[in-house]
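Contents: one structure, followed by commentary.
The values are calculated or read from the model by the stated rules, or taken from the named source; none is laboratory data. A quick note: this is a predicted structure, and the numbers were derived from the prediction, not measured. Counting neighbours? That spans all protein chains shown, and the Cβs are built from the backbone with ideal geometry, glycine included. These area figures cover heavy atoms from the full protein model, side chains too; ligands, DNA and RNA do not enter into them. Shrake-Rupley method; radii C 1.70, N 1.55, O 1.52, S 1.80 Å.
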Amino acid sequence: MSQKIYFVTGNPGKYAEMRDLLTGFDLRRKAVSYPEVQADDLEAVARFGLRWLQDRVEPPFMLEDAGLFIDALHGFPGVYSAYVFATLGNRGILRLLEDVENRRACFRSVVGLYDGEIHIFSGECRGTLAGEERGSQGFGYDPLFIPEGSALTFAQMTPAEKSARSHRGRAAQNLLAHLEQAGTGGG
Ligand code: IMP
């Protein structure tokens with residue numbers, strides 16, 4: 001029988017990607033919201049969330065905090081990515097980058113796992129931002145983000161193509177290596 005792990009997230013897109021990445025595990029979505037502490041790095045946000053959930057969700061459980069860091073904007077929106085997406089959206093980002101030549105950006109993902117102890121796994125994906133929204137797959141900033149080595153945005157890729165190179169895919173590989181080493185591998 002495969003091992004049950006709760007993934008605490010309100011984002012169905014993230015859950016779908018993680019479920020496909022953690023094959024062999026019984027990943028269950030738990031839509032509990034937890035406070036996102038104001039901090040300047042994703043790991044601090046993830047650690048705070050794990051500690052807050054420790055007495056509220058049955059372990060093992062995990063969460064993920066991700067962000068888009070735009071070079072020309074000195075890393076903005078970064079830890080504020082969710083708020084900026086909800087307020088400015090992709091069109092607002094495009095306006096901020098109007099006439100900006102340097103389109104480089106990086107997606108970062110931090111996965112936190114609590115299994116009696118806190119474990120942190122990270123992944124990043126560098127790329128550039130398109131001049132207009134392209135594609136309809138995925139979620140969030142996907143229509144803007146072109147990963148290095150590709151001509152397509154994440155939103156123009158299948159979920160498997162995105163996960164093969166994405167920040168979340170890389171963080172999930174690190175998590176999987178830990179789960180396999182800990183002997184908690186799925187059936
Ligand atoms: P959070 O990790 O849920 O706080 O997400 C931060 C923001 O970045 C949200 O607006 C997400 O939609 C966006 N985001 C996170 N991961 C991705 C991704 O893989 N593609 C596109 N946008 C993402």
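If the condition is being open to solvent by 60 Å² or more (accessible area, probe 1.4 Å) and under 20 Å from residue 74 (Cα atoms), then segment 92-145 contributes 95, 96, 98, 99, 101, 104, 108, 124, 126. Among the conditions (1) more than 12 Å from the ligand (Cβ to nearest atom); (2) touching a residue at least 12 places away in the same chain (Cβ under 8 Å); (3) basic (Lys, Arg), residue 95 misses just one, which is (2). In the set (1) at positive phi; (2) at pLDDT 95 or above, the condition left unmet by residue 99 is number (2). Of the set (1) touching a residue at least 24 places away in the same chain (Cβ under 8 Å); (2) open to solvent by 20 Å² or more (accessible area, probe 1.4 Å); (3) part of a helix (DSSP H, G or I); (4) over 19 Å from residue 140 (Cβ atoms), all apply to residue 2 but (3). Looking across segment 54-63 at every residue that is touching a residue at least 24 places away in the same chain (Cβ under 8 Å) and more than 12 Å from residue 119 (Cα to Cα), the one that is surrounded by the most Cβ atoms within 10 Å (Cβ to Cβ) is identified as 57.
Residues in segment 91-127 that are under 17 Å from the mean Cα position of the chain (by Cα) and among the polar types (S, T, N, Q): 109, 122. Against the definition (open to solvent by 60 Å² or more (accessible area, probe 1.4 Å) and either touching an Asp or Glu at 6+ places or on another chain (Cβ under 6 Å) or not aliphatic (A, V, I, L, M) (or both)), how does residue 51 come out, yes or no? Judged against the criteria, residue 51 is a match. Scanning segment 5-37 for residues that are part of a loop (DSSP other than H, G, I, E, B), free of Cβ contacts under 8 Å to residues at least 40 places away in the same chain and more than 14 Å from the chain's Cα centre (by Cα) turns up 31, 32, 33, 34, 35, 37. Determine, yes or no, whether residue 17 is in contact with a Pro (Cβ under 7 Å, 6 or more places away or on another chain), buried (at least 19 other Cβ atoms within 10 Å of the Cβ) and within 16 Å of residue 167 (Cα to Cα). When the stated conditions are applied, residue 17 passes them. Can residue 24 be described as of a type in the set (Gly, Ala, Ser), under 29 Å from residue 158 (Cβ atoms) and near the ligand (Cβ under 9 Å from one of its atoms)? For residue 24, the condition - of a type in the set (Gly, Ala, Ser), under 29 Å from residue 158 (Cβ atoms) and near the ligand (Cβ under 9 Å from one of its atoms) - is not met.
For segment 64-71, the count of residues that are in contact (Cβ under 8 Å) with a residue 40 or more places away in the chain and more than 13 Å from the ligand (Cβ to nearest atom) is zero.
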